[in-house]
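Undergrad: Structure provided below as structure tokens; questions to follow.
The values are calculated or read from the model by the stated rules, or taken from the named source; none is laboratory data. Keep in mind the model is a prediction, meaning the values are calculated, not measured. Cβ coordinates were reconstructed from backbone atoms using ideal geometry, including for glycine residues, and neighbour counts include every protein chain displayed. Keep in mind that these areas ignore ligands, DNA and RNA; they rest on the heavy atoms of the full protein, side chains included. Shrake-Rupley method; radii C 1.70, N 1.55, O 1.52, S 1.80 Å.
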Amino acid sequence: MAKHRGRGFATIEYPTGMNQNGDPSQAWIKLKPDGRVDVFSGTVDIGQGSKTVHTQIVADTLGVPYDWVTMDNTNTDSSAVCTGTFASRGTFIGGNAVRLAAERVRERILDIASKELEIDPSDLEIADGEVLAKGSPQKKIGVADVAGAATYNYGELISGSSTALKPFADVDDATGQVEIEPHSAISYAACVADVEVDDETGEVTVLKMVQVYDVGRAINPLLVEGQIEGGAIMGLGLGLLENSYPYYPSVDHRGGEFGAYLGPAFADLPELDNVIIENPSADGPFGAKAIGEMANNAQPPAIANAIHDAVGVWVTEMPATPDRVLAALKAKAEPRRDGKRVIFDEQLSVRTVSSNGGEGYWGVEP
Amino acid sequence: MRLTVNGIESEISSPPLTPLLHVLRDELDVTSPKAGCQQGGCGTCTVLVDGEPRRSCLTPVAAVDGASITTLEGVGEPERLSPVQAAFYEKYAAQCGFCTPGMIMAATALIDRKGGPVERDEVLEALGGHYCRCTGYVKIVDAVMAASRGEVGDVQDLPVSEAGEPSVEVHGSPA
Amino acid sequence: MKAVGARLPRYDGVGHVTGRTRFVDDVRVGKTLWVKALRSPHHHAAITRLDVSKAAAMPGVHAIVTHEDIPRNVYGHLEALGVPGDEPLLAAEDVRYLGQPIAAVAAESEAAAQAAVEAIEVSYEEKPALFDIRKALDPDAPQIHHWGNVYPHYGSYNHRRVRKGNIDWAFEKADVIVEGVYRPQAIEQLPLETQVCTVVPEPDGRLTVYSCTQAMYFSMGVVAAHLQWPLNRLKFVGGTVGGGFGGKVDTATDTICCLLALKARRPVKWRWTREEEMLCSSTRAPWHIELADAVTSDGWILGRRTLTIHDAGAYARFSPYGLTKHAFHHSGAYTIPNLRFDGFVAFTNRVPTTAMRGFGVTSVSFAVETHLNRVAEAIGMDPWELRLKNANRVGDTTGNGVTLKDPSTVPVTLAAAERVGIELPAEYRAMTSDPRGGDLLPEHLAAQQNLSELNGGGH
């Protein structure tokens, strides 16, 4: 009876935006007479931080200080359409909506500044809240003065709106082939898990996880780390602890109490090491791809592979609870070999469990 | 019954077995303690009762008659954050923010009790019954340890910095 | 000074750490009624009698709604995408899962609402229930839907298909075929904020909906469809949510609260208990995945054959979408020239499953990545090298025919290996995402290309 250490890893990919697209996000932005910026977007912040990321994108697209930007995502009267916060679409699609709207606002600022400075808009740039002549920055006007002139002299509300939308990708139902990309970008990640397996109790402890994420561009690295760490612990829960139906497919012993459900807690926290890679997306705001959804996908297989590395058994029904690990250790199952076939898990297969060998599933046309 | 909540004394009219959580939220309109599970399982309803952290969902109000109650509203103001609040803010220890009230109350009690720097194991122990689904706990542990050491800045100075360059060169990229 | 790339604290962080952020449960509106629901006590049954008259006459009860009060009771979450609806907002004839809502009450207090729920007269005739998706198409399986036990609308097919290259050639040509079964489980989204909603009837006839939805416009569309209303009669207020993780994409409370607010002419509030959240709200889906990989002894994955069954629970919700996403990513971060995928959305008498972080892909990532280690073991190859060898490269084509522009399988894998001190051979350390060079271009890929062309695309 002993504790065994093992290491496993996994490399994964995940799409940005709703599968098959067709999921618009819209935004509109207006300037107050002192140049301060109001952003209206329907993107819901479920904790991932879209209010922060969107205001960062707007500040840099316009060239104004971050604290000039306020965001209203509170209601459907003042904000335009956002399909929703899911499918890792907030930063890419919601972010592109505010970026494109901000670019239109920027054009209006430059137009009015051009009249005030008598310089062609193409020779102007905006930085730190000031419109400057390229090459001769002493010729300048504050964005606040531009907004004031627009409001009181030119009779214009400086505003801009836009929609980020990729057209719906039809699928050939016979072959699954698509004519256009059914996503906005693809993010990649790898996770290495070090575990300790107690062969007496079957208990698995995750000691450390190293995680590498290509997010295209980290608009806010602090928030990216938050996704990596939160996702890691959720992935640990998936790999080892959580189950709505402890005796699935049976519905018996389903717990209705918070304390009856094994969500990961402080005590389960392993050492985490995060690496962020920036391989920019051609189409994302500032090159961003996404991270939120994929963040709990790499840990479960990394943990399963680490358990195999530690004690030589495969647990392919999730989660790898102590009873499953002990059962696997007891069975010490070897795959069945049939010619060049190496067959694992036959007892779990539809062929075994269905009363007619799973004919309804396996018997479809080629 | 009477309670002093965040320094303000009030007469309580709810029935004696009403959970303290409901008295705070529904009678006194003090809404930072959240009804996360109302089973004592998640910790987000935690308040300080005479300085000690308690689950307000499991505490009948009669059991704390006359006590002094501190909720997150009483810990600091938006313009004057406590060290624990400032550390949670700076270190991104709150994502959706729903567990945050209980976390900060428990952390505040831990640091007050210890009276000096707390170690990682002490944080895991003191906050062990508090649940967070968003953060993975890492930045909460960091925030509590930093707060206990006074390692927090002035939150009015937003830490805007120059954009970082990609940390790893990637071949085969279109950009 | 740049904001992009900076480690800025949360925009709303001060509100969070001072307890000032206002979540839906913190909204205070005078004269608000509490909502409670009558839920099915059976996994599968016919409703033979439903009489709310006694409950409606109880003190403090202001409104009760059943299926008869709903302008359009059956509306599918994905109808806008062509997925027909199958789920009633409130059960009319059959209940298909334990906890399915049948009626809802608005009353002066939580206790009065609960008492009225218990006074609703309802009778059932129990039916056999189905829980194992592997048996859903068995001849003797209990029948759950008018559709049968699998979702039937992938064009003319009852399953999602992917066909790429020539799968038979790959399995014939392979040195080794590795087969395995992977069963990712259902879990709770488990946000700390349970489902919650407050609806206020406004003097101009509009409804203000304080919602914890992850998708205000989507939920507004769902409510408008059930009510058969134009969008300008609804105002959704939200945008700040106490955790979602996918579970708050379902429109769980909003529509019923709207119906009750209209009928009672009073503001109403419904906050699910933790028990309801755990037992009656949708979970992540359990999946059953069978993989067979055709590989060469030197580590090229020639082909993959996949059977996937997605446990949708009692109704489709987002499952047809999730399965398609799963299908599109079933080759993982690797380029496999020959694929045959057949995926089914199967119904069971459990709570409908829905979106959760990684929807559709978490399951297949587990299957693929665990399976690749078995493949590596079967052919005696290092699992890092197996992955790098078959990694997505710029210009490679995915299973559904998409050309990859900026894949990162190689850089993330190499960075992870380096971070933990794995010493890979120089030829692997030197790999990039650039298209494979002549030396590395495997003979079988070229051969496959020729064969595909000869077969007119190889399908």
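Undergrad: Starting from residues that are open to solvent by less than 20 Å² (accessible area, probe 1.4 Å) and within 7 Å of chain A (Cβ to nearest Cβ), keep the ones in region C:137-159 and report whichever is nearest to residue C:326 (Cα to Cα).
TA: If we take residues in region C:137-159 being open to solvent by less than 20 Å² (accessible area, probe 1.4 Å) and within 7 Å of chain A (Cβ to nearest Cβ), then C:159 is nearest to residue C:326 (Cα to Cα).
Undergrad: Of these, C:99, C:76, C:5, which one is closer than 30 Å to residue A:21 by Cα, in contact (Cβ under 8 Å) with a residue 40 or more places away in the chain and open to solvent by less than 20 Å² (accessible area, probe 1.4 Å)?
TA: C:76
Undergrad: Just the residues that are closer than 21 Å to residue A:230 by Cα and not in a loop (DSSP other than H, G, I, E, B), please, taken from region A:245-263.
TA: Within region A:245-263, A:258, A:259 qualify.
Undergrad: State which residue pairs qualify: first residue at positive phi and inside region A:312-329, second residue in a helix (DSSP H, G or I) and at pLDDT 95 or above in any location, beta carbons under 9 Å apart, and separation of 6 or more residues or different chains.
TA: Close Cβ pairs satisfying both conditions: A:312/A:329.
Undergrad: Restricting attention to region C:52-85, which residues are at pLDDT below 95 and either of a type in the set (D, E, K, R) or assigned to a strand (DSSP E or B) (or both)?
TA: Correct list: C:79 only.
Undergrad: Next question, about the same structure. In region A:1-58, which strands (runs of 3 or more DSSP E) lie fully inside it and hold 1 or more residues that are crowded, with 23+ Cβ neighbours inside 10 Å, more than 16 Å from the chain's Cα centre (by Cα) and in the same structural domain as residue A:149 (by TED's automatic domain parsing)?
TA: Counting at least 1 such residues, we get A:25-31, A:37-41.
Undergrad: Another question, then. Say whether the condition of being small (Gly, Ala, Ser) and touching a strand residue (DSSP E or B) at 6+ places or on another chain (Cβ under 7 Å) is met by at least one residue in region A:231-243.
TA: Initially, region A:231-243 is screened for residues small (Gly, Ala, Ser), giving A:231-232, A:235, A:237, A:239.
Now drop any that are not touching a strand residue (DSSP E or B) at 6+ places or on another chain (Cβ under 7 Å), which leaves A:232.
Yes, region A:231-243 contains a residue that is small (Gly, Ala, Ser) and touching a strand residue (DSSP E or B) at 6+ places or on another chain (Cβ under 7 Å).
Undergrad: Of the residues in region B:30-62, how many are over 18 Å from the mean Cα position of the chain (by Cα) and free of Cβ contacts under 8 Å to residues at least 24 places away in the same chain?
TA: 1
Undergrad: Does region B:88-98 contain at least one residue that is aliphatic (A, V, I, L, M) and buried (at least 22 other Cβ atoms within 10 Å of the Cβ)?
TA: Yes, because at least one residue in region B:88-98 is aliphatic (A, V, I, L, M) and buried (at least 22 other Cβ atoms within 10 Å of the Cβ).
Undergrad: Inspect region A:48-58 for any residue being at pLDDT below 95, closer than 20 Å to residue A:292 by Cβ and more than 14 Å from chain B (Cβ to nearest Cβ) and give the result as yes or no.
TA: No: zero hits.
Undergrad: Is it the case, given these coordinates, that residue C:88 is over 27 Å from residue A:22 (Cα atoms) and not hydroxyl-bearing (Ser, Thr, Tyr)?
TA: No; evaluated as a whole, the condition is false for this residue.
Undergrad: Name the residues in region B:123-145 that are within 7 Å of another protein chain (Cβ to nearest Cβ), under 18 Å from residue A:208 (Cβ atoms) and open to solvent by 10 Å² or more (accessible area, probe 1.4 Å), would you?
TA: B:124, B:138, B:139
Undergrad: Here's a follow-up. Select from region C:3-44 the residues that are among the aliphatic types (A, V, I, L, M) and outside any loop (DSSP other than H, G, I, E, B) and list them in ascending order.
TA: Step one: list which residues in region C:3-44 are among the aliphatic types (A, V, I, L, M), which gives C:3-4, C:6, C:8, C:14, C:17, C:24, C:27, C:29, C:33, C:35, C:37-38.
If the condition is that a residue be among the aliphatic types (A, V, I, L, M) and outside any loop (DSSP other than H, G, I, E, B), then C:14, C:17, C:24, C:33, C:35, C:37, C:38 are the ones that fit.
Undergrad: If you don't mind, another one. Could you check, for region A:59-78, whether at least one of its residues is under 30 Å from residue C:358 (Cβ atoms), modelled with pLDDT under 95 and either in a helix (DSSP H, G or I) or open to solvent by less than 10 Å² (accessible area, probe 1.4 Å) (or both)?
TA: Taking every residue of region A:59-78 in turn, at least one turns out to be under 30 Å from residue C:358 (Cβ atoms), modelled with pLDDT under 95 and either in a helix (DSSP H, G or I) or open to solvent by less than 10 Å² (accessible area, probe 1.4 Å) (or both).
Undergrad: Can I ask one more? What number goes with the only condition from (1) in a loop (DSSP other than H, G, I, E, B); (2) hydrophobic (A, V, I, L, M, F, W, C); (3) open to solvent by 40 Å² or more (accessible area, probe 1.4 Å); (4) at pLDDT 80 or above that residue B:175 does not pass?
TA: Going through (1) in a loop (DSSP other than H, G, I, E, B); (2) hydrophobic (A, V, I, L, M, F, W, C); (3) open to solvent by 40 Å² or more (accessible area, probe 1.4 Å); (4) at pLDDT 80 or above one by one, residue B:175 breaks only (4).
Undergrad: Shifting gears a bit: Of everything in region B:11-41, what is open to solvent by less than 40 Å² (accessible area, probe 1.4 Å) and over 19 Å from residue C:26 (Cβ atoms)? Give them in sequence order.
TA: Within region B:11-41, B:12, B:40, B:41 meet the criteria.
Undergrad: Please specify each residue of region B:101-122 satisfying the condition of being open to solvent by less than 10 Å² (accessible area, probe 1.4 Å) and in contact (Cβ under 8 Å) with a residue 40 or more places away in the chain.
TA: B:101, B:102, B:103, B:105, B:106, B:107, B:109, listed by residue number.
Undergrad: Turning to a different aspect of this structure: Hey, does region C:171-179 have a residue that's open to solvent by 10 Å² or more (accessible area, probe 1.4 Å), more than 26 Å from residue C:33 (Cα to Cα), in the same structural domain as residue C:314 (by TED's automatic domain parsing) and within 29 Å of the chain's Cα centre (by Cα)?
TA: Scanning region C:171-179, I find at least one residue that is open to solvent by 10 Å² or more (accessible area, probe 1.4 Å), more than 26 Å from residue C:33 (Cα to Cα), in the same structural domain as residue C:314 (by TED's automatic domain parsing) and within 29 Å of the chain's Cα centre (by Cα), so the answer is yes.
So that you can scan it fast, the table gives a plain yes or no per residue for (1) touching a Pro at 6+ places or on another chain (Cβ under 8 Å); (2) of a type in the set (Lys, Arg); (3) assigned to a loop (DSSP other than H, G, I, E, B):
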position	(1), (2), (3)
B:89	yes, no, no
B:93	no, no, yes
B:96	yes, no, yes
B:104	no, no, no
B:112	no, no, no
B:122	no, no, no
B:130	no, no, yes
B:139	no, yes, no
